[in-house]
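The values are calculated or read from the model by the stated rules, or taken from the named source; none is laboratory data. Since the structure is predicted, the reported quantities are computational estimates derived from the model, not experimental observations. Here the Cβ is made from the backbone with ideal geometry for all residues, glycine too, and neighbour counts use every protein chain on show.
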Amino acid sequence: MKNVTIERATVEEAIKAALEELRAERNDVEIEVINEPSKGLFGLIGSKNAKVKVTVTNGPEEAASKFFDVLLKKMDISADYEVSFSDDVLKVDITRISEDDKGIIIGKRGKNLDEIQFLLNLIVNKGRQNYIRVIFNVEDYRAKREETLRRLANKMADKCRYYKRKVRLEPMNPYERRIIHSTLQEQNDIITYSEGEEPFRKVVIDLK
């Protein structure tokens, strides 16, 4: 567990400095006051700063690790995973998993992957002041899926041009719809928009 020991004029100043260095919030940590501040003789000679030790016990990385330890055990899945946290983005990547178990975790068109990411997002951001973006991936699935969607977007745009009529894609989640929109946004003769209600909302490709 990450920890720092900080000295400042007051306990609160020391705690604040420690939280800033650890990039943590108060409910993420345990605080040990090693020394209370003292003014010394005449308020000058022998004065001492406050000294605290602050340890991260329930930060984003710790919360994610606890969540996946329980999840994988409950699902009876053997896998390795890596957790990283930087610039308010938490990433969890499963790096070793069997093909069968990978299919279970990902689900049809990434449905299970997105639902697990949603649950993790709720757990990590509960009670936090600063929002943390959560990204969950399995052996680079998201990059492969993104490439598949970009190819699909271009193929369906060509179909729209050829038949001169709009093309409706299958229902997609917001993340996947954004990929379709961004892929085709620079094409001068094509427009895209979304229609329908979640979870059946889909992208429509049409001629301008």
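Just the residues that are touching a Gly at 6+ places or on another chain (Cβ under 7 Å) and either assigned to a loop (DSSP other than H, G, I, E, B) or at pLDDT 90 or above (or both), please, taken from segment 1-31. Quick ask: steps written out before the conclusion?
The initial filter retains those residues of segment 1-31 that are touching a Gly at 6+ places or on another chain (Cβ under 7 Å), namely 24, 27-28.
Correct list: 24 only.
Which is within 30 Å of residue 207 (Cα to Cα) and not small (Gly, Ala, Ser), of 147, 115, 139?
147
Here are 51, 111, 91: which of them is part of a strand (DSSP E or B), of a type in the set (Lys, Arg) and either touching a helix residue (DSSP H, G or I) at 6+ places or on another chain (Cβ under 6 Å) or more than 23 Å from residue 127 (Cα to Cα) (or both)?
The unique qualifying residue is 51.
Do we find that residue 78 is among the small types (Gly, Ala, Ser), part of a helix (DSSP H, G or I) and at pLDDT 90 or above in this structure?
no
Can you work out which of the residues in segment 88-133 that are more than 22 Å from residue 78 (Cβ to Cβ) and of a type in the set (Asp, Glu) is modelled with the highest pLDDT?
Result: 114.
Among the numbered criteria (1) without any contact (Cβ under 8 Å) to a residue 40 or more places away in the chain; (2) of a type in the set (A, V, I, L, M); (3) surrounded by 13 or more Cβ atoms within 10 Å (Cβ to Cβ); (4) assigned to a helix (DSSP H, G or I), which single criterion is violated by residue 122?
(3)
Just wondering, is there one or more residues in segment 97-106 that are buried (at least 16 other Cβ atoms within 10 Å of the Cβ) and assigned to a strand (DSSP E or B)?
No; the residues of segment 97-106 include none that is buried (at least 16 other Cβ atoms within 10 Å of the Cβ) and assigned to a strand (DSSP E or B).
Hey, among the residues in segment 1-18 that are more than 29 Å from the chain's Cα centre (by Cα) and among the small types (Gly, Ala, Ser), which one's farthest from residue 51 (Cα to Cα)?
So the residue we want is 9.
Yes/no matrix, rows are residues, columns are (1) under 27 Å from residue 138 (Cα atoms); (2) surrounded by 17 or more Cβ atoms within 10 Å (Cβ to Cβ); (3) in contact with a helix residue (DSSP H, G or I) (Cβ under 8 Å, 6 or more places away or on another chain); (4) polar (S, T, N, Q):
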site: 11; (1), (2), (3), (4): no, yes, no, no
site: 26; (1), (2), (3), (4): no, no, yes, no
site: 30; (1), (2), (3), (4): no, no, no, no
site: 56; (1), (2), (3), (4): yes, yes, yes, no
site: 75; (1), (2), (3), (4): yes, no, yes, no
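If you check 80, 140, which single one turns out to be among the acidic types (Asp, Glu), at negative phi and out of contact with any Cys (no Cβ under 6 Å at 6 or more places or on another chain)? Talk me through it step by step, then tell me what you get.
Details: 140 fails: at negative phi.
Exactly one residue qualifies, and that residue is 80.
Filter segment 162-185 for residues that are in a loop (DSSP other than H, G, I, E, B) and either farther than 10 Å from residue 201 by Cβ or aromatic (Phe, Trp, Tyr) (or both) and give the result.
Residues satisfying the conditions are 164, 165, 166, 169, 170, 185.
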